[in-house]
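J.: Pasting a structure below so you can have a look.
Read-outs: derived from the displayed coordinates by stated rules, not from any lab. Just so it is clear, the model here is predicted, and its values are computed rather than measured. Here the Cβ is made from the backbone with ideal geometry for all residues, glycine too, and neighbour counts use every protein chain on show.
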Amino acid sequence: MDEWQGPDPFEAEFRKMLQPGERLLWHGRAMKPKLAPGCAQFGFGIAFTGFALFWTSLAWLFARAGSQQDSMSYWFPFFGIPFILVGLWLLVSPLLGRVAAGKTAFAITSHRVLRLFIGKGTMSEDIAVGDIAGIESTAAADGGGTLVLRMRGDGTAQFANGFILGDIADVATAERRLREAMRNARSLNP
């Protein structure tokens, strides 16, 4: 399961969010993504940003060397700025994913599924267990994985708009607890 260093701030926060009669069945943090997938993006980001900086600086040098009457040549280097920004995003985004994962946790209670993000402030989202029509589970060899929740709609089951329990350490236990809560919810409201 998760390795907590000292008291778990997420568990305390989840316990504060419990409604009367609601029990905490499972909770876990999002695992930090492995560095390998981000390495390819980071490597491409280095090349992309380097070329964008090279192109923009070269355009700026040509604009400075150009004639004073050609006003368009002064604007040409500015076309490189969006490419520099995209390159910087390619460099930074794998690191941001790792930081966000360390600040995200999920909980399954007897009545709801909760997602909690603790950063500068606290942001939480929840859905009622009774509104879940189905679960799509993917698991890796190490037991970690993702649960995607399908919601009940107007007669058709659709994937929830982004409600995913992503990159959790013990996906099988989380799925088992969620199915247990769904069965209990159905037995109370047939």
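J.: Summing +1 for each Lys or Arg and -1 for each Asp or Glu, what net charge is found among the other residues whose Cβ lies under 14 Å from the Cβ of PHE163?
T.: Once positives and negatives cancel, what remains is 0.
J.: Let me ask something else. Each label point is 7 Å from the Cα along the Cα-to-Cβ direction; what then is the distance between the points at THR138 and LEU18, in nm?
T.: That separation, rounded to one decimal, is 3.3 nm.
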